[in-house]
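Visitor: Here you go, one structure.
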Amino acid sequence: MDINDLKTSGIGTFGEGVGGKIADRLFKVTPGHDAEYAMEQAAVLLDCAYKMTLEAGVEGNGRFLWESHYLTGMAKALVEDVAHSMRAAAVR
């Protein structure tokens, strides 16, 4: 299995719905994108979140807390989506 042949599956989600409902997510990864590109984007999002949390920690305040939360949630959705595609390809 080569990551260059994998595509996003569309199962990765992020963002709670009204009232914090996890079953009603606001955002979903679009199926059909190159998995390698999705992983690159996840790395970019995580790098941004890392820098924000580092600055918040050094400064000793909660600045960038919610921004980091959203960025890591988006990255998590991308990684979960690609992982699902990898598992599905292994079964085939």
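The values are calculated or read from the model by the stated rules, or taken from the named source; none is laboratory data. Values in this document were obtained by computation on a predicted structure and should not be read as measured data. Backbone-built Cβ (ideal geometry, glycine too); neighbour counts: all protein chains shown. For accessibility, only protein heavy atoms count, side chains too; no ligands or nucleic acids. Shrake-Rupley method; radii C 1.70, N 1.55, O 1.52, S 1.80 Å.
Visitor: What percentage of the solvent-accessible surface of the chain, computed with a 1.4 Å probe over protein heavy atoms, is contributed by carbon and sulfur atoms?
Guide: Details: 3820 of 6320 Å².
Within the chain, the accessible surface is 61 percent carbon and sulfur.
Visitor: Which aspartates and glutamates have a Cα lying under 13 Å from the Cα of Lys51, excluding residues fewer than 8 positions away in the same chain?
Guide: Once the sequence-local aspartates and glutamates are set aside, what remains near Lys51 is Glu59, Glu67.
Visitor: Relative contact order, percent, of the chain when contacts are C-alpha pairs under 8 Å separated by at least 6 residues? The partial results should precede the final answer.
Guide: Details: 135 pairs, mean separation 34.1, N = 92.
Here the relative contact order equals 37 percent.
Visitor: Also, I was wondering about something else. Among Met74, Gly32, Val18, which residue has its Cα furthest toward the positive end of the charge dipole of the chain, with +1 on Lys/Arg Cβ and -1 on Asp/Glu Cβ?
Guide: The Cα lying farthest towards the positive end belongs to Val18.
Visitor: Could you give me the percent of Cα pairs per 5 Å distance bin for the stretch 41-92, shortest bin first, beginning at zero and ending with the bin that holds the maximum distance?
Guide: 4, 22, 21, 16, 13, 9, 7, 5, 3, 1
Visitor: Hey, another quick one. In terms of Cα to Cα distance under 20 Å, which lysines are near enough to Lys7, apart from those fewer than 8 places away along the same chain?
Guide: Cα-Cα hits under 20 Å: Lys28, Lys76.
Visitor: While we're looking at this one, here's another question. If you put +1 on each Lys and Arg Cβ and -1 on each Asp and Glu Cβ, how big is the dipole of the chain around its Cα centre, in Debye rounded to 20? Mind dumping the intermediate values first?
Guide: Details: 9 positive and 13 negative charges, 70 e Å.
With only Lys, Arg, Asp and Glu charged at Cβ, the dipole is about 340 debye.
Visitor: Residues of the chain: accessible area per residue at 1.4 Å, in Å²? Write down the numbers at each step before the final one.
Guide: Details: 6320 Å² over 92 residues.
That works out to 69 Å² per residue.
Visitor: Right, another one. Starting from the Cα coordinates of the chain, work out the convex hull volume and express it per residue in Å³.
Guide: Each residue corresponds to 95 Å³ of Cα convex hull volume.
Visitor: Another question, if that's okay. Considering amide H positions built from the backbone, and no H for Pro or chain starts, which residues 5 or more places from His33, or on another chain, come under 5 Å of its amide H?
Guide: When sequence neighbours closer than 5 places are left aside, the close amide H contacts are Thr8.
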